[in-house]
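Encoded as structure tokens, the structure appears first; notes follow it.
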Amino acid sequence: MLNVVLKQLKNHPALIPLFVFIGGGATMSALYLGRLALKNPECAWDRKNNPEPWNKLGPNDQYKMFTVNMDYSKLKKDRPDF
Amino acid sequence: MAHPSQLGFQDAASPVMEELLHFHDHALMIVFLISTLVLYIIVAMVTAKVTNKYIIDSQEIEIVWTVLPAVILTLIALPSLRILYLMDEINDPHLTVKAMGHQWYWSYEYTDYENLGFDSYMIPTQDLSPGQFRLLETDHRMVVPMESPIRVLVSAEDVLHSWAVPALGVKMDGVPGRLNQTAFIASRPGVFYGQCSEICGANHSFMPIVVEAVPLEHFENWSSLMLEDA
């Protein structure tokens, strides 16, 4: 299967950008879905070892992948300890 | 607020809404450019007198019309994702207001310092004063200090509602039994209107939201007055 594709690529090099962009897009989507599945604190996968991951978030944690204007680690702690 | 025969967004009253406006301009410009190009090509094809029957393929044009759309899509995607994450940030709010949806009115609770709570019913059309807006005015407005980050916790007491103010770029569903959080900064003083955005029964269209952004001293005077009246 791969050999067929490589032979076609030699005759039609215009297909290379297609593979690059579609492959890159699919890889990035898969990686992000994997990150969501494994590191998202909103859902509990392992009921024995990690039953409630949302309770483990500190006030200075950042759990979104990307912040634009906000540095959560610099937030002042202004509420009482429990 | 919205104007008759308005086509575009309302003027932005918060930094997030400004970003949304600019992104919309950017994406719409790309859409117009591509549509104009396609329309031109269609007209050129249809009105052409000479046609070439012997072109089989061309690697160069294939590369161009693969790479160029991919680049254009990336140019749309990167600002879009940036705004998406920007909208989700809660940047150390100065005040928290709870907006609870009921059938068919909103109630606002300011419980940071004292227990201030009031209901906000739509003013019926027959009770409007001259100059007021039909189906948009309420008896009590949600007053907030301007230029301060405000956190709004939205929920509902009966059925689904949605708290939306287009000028501030804010919309958050009110789900019974759930607390949803959103935030905004009113960059200028003013009165900003919105309407319930999730079907909730007979008077779903008649439970508007009015946010009034005022300087901090006015906000302090207003909240003292409201506490005395309660």
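General observations
- In the range B:106-213, the GluC sites (Glu not before Pro) that fall in loop regions by DSSP, at most 12 other Cβ within 10 Å: B:114
- Given +1 at the Cβ of Lys and Arg, -1 at the Cβ of Asp and Glu and no other charges, the dipole of chain B around its Cα centre is 1120 debye to the nearest 20.
- Shielding by other protein chains, A:4-15, mean Cβ within 10 Å: 2
- By the equivalent-ellipsoid construction on the alpha carbon gyration tensor, the range A:1-74 comes out with semi-axes of 41, 18, 6 Å, ordered largest to smallest.
- The charge dipole of the range A:1-74, taken about the Cα centre with unit charges on the Cβ atoms of Lys, Arg (+1) and Asp, Glu (-1), comes to about 260 debye, rounded to the nearest 20.
- Looking at the range B:43-104, the chymotrypsin sites (Phe, Trp or Tyr not before Pro) that sit in a DSSP loop and have at most 10 other Cβ atoms within 10 Å of their own Cβ are B:54.
- Look at the stretch B:55-65: the mean tally of other chain Cβ atoms within 10 Å of its residues' Cβ atoms is 3.
- Ordering B:66-74, B:93-101 by mean Cβ neighbour count within 10 Å, with the highest value first, yields B:93-101, B:66-74.
- Point-charge dipole on Cβ atoms (K/R +1, D/E -1) for the protein assembly as shown, about Cα centre, debye to 20: 1880
- The range B:1-55 and the range A:49-66 have Cα centres separated by 42 Å.
- Cut-off 15 Å, label 7 Å out along Cα→Cβ of residue A:43, residues of the range A:54-74 by amide N: A:54
- Given in Å, the Rg to one decimal and the Dmax to the nearest whole number for the Cα atoms of the range B:31-156 are 27.7, 82.
- Longest to shortest principal axis, alpha-carbon extents of chain B, angstrom: 86, 41, 33
- The spacing between the range B:79-125 and the range B:186-212, judged by their C-alpha centroids, is 11 Å.
- Restricting the calculation to Cα atoms, every distinct pair contributes to the Kirkwood radius of the protein assembly as shown, found to be 24.1 Å.
- Signed unit charges on C-beta, dipole axis of the protein assembly as shown, positive-most listed residue B:210, B:43, A:34: B:43
- Averaged over the residues of peptide A:19-32, the number of Cβ atoms from other protein chains lying within 10 Å of each residue's Cβ is 1.
- Taking B:105, B:121, B:113, A:63 and counting other C-beta atoms within 10 Å, the order from fewest to most: B:113, A:63, B:121, B:105
Every number in this text was worked out from the coordinates using simple rules, so none of it is lab data. All values reported here derive from a predicted model rather than from experimental measurement. Using ideal geometry, Cβ is built from the backbone for each residue, glycine included, and neighbour counts are taken over all protein chains shown.
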